[in-house]
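Peer 1: Can you read through this structure? Questions will come right after.
Read-outs: derived from the displayed coordinates by stated rules, not from any lab. Since the model is a prediction, treat every value here as computed from it, not as a measurement. Note that each Cβ is placed from the backbone with ideal geometry, even for glycine, and that neighbours are counted across all protein chains shown.
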């Protein structure tokens with residue numbers, strides 16, 4: 001896990017690539033899982049799951065650690081491996097209610113909702 005120092009504490013983060021079986025069939029999709037935790041609080045991690053989908057006609061996994069929103073103009077790619085991206089994801093999760101100092105279980109969100117642009 002990589003180390004990231006923010007004003008709210010020291011965090012550890014990583015991105016993993018995995019394959020997810022859709023329904024009961026043999027169809028598999030790619031997933032990227034961004035995980036982070038506050039040092040000293042590994043039992044209350046942040047988990048952002050990016051599942052390859054075309055339900056909204058937009059989101060795809062381009063390569064391990066990089067997710068891309070195809071409907072954005074210009075095309076928008078987010079590299080989950082970069083410390084600046086990790087910082088933004090952690091800060092958005094904290095605003096969304098992740099409180100690793102008091103939580104007793106993982107805080108899980110659909111990653112696509114975290115990186116979607118806001119108006």
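Peer 1: Could you list 7, 53 so that the one with the fewest beta carbons within 10 Å of its beta carbon is first and the one with the most is last?
Peer 2: Ascending number of Cβ neighbours within 10 Å: 7, 53.
Peer 1: Let me ask something else about it. Using a 10 Å cut-off around each Cβ, can you sort 10, 90, 115 from fewest to most neighbouring Cβ atoms?
Peer 2: Neighbour counts put them in this order, fewest first: 10, 115, 90.
Peer 1: For 67, 114, 5, what's the fewest-to-most ordering of other Cβ within 10 Å of each Cβ?
Peer 2: Least to most surrounded, the residues fall as 5, 114, 67.
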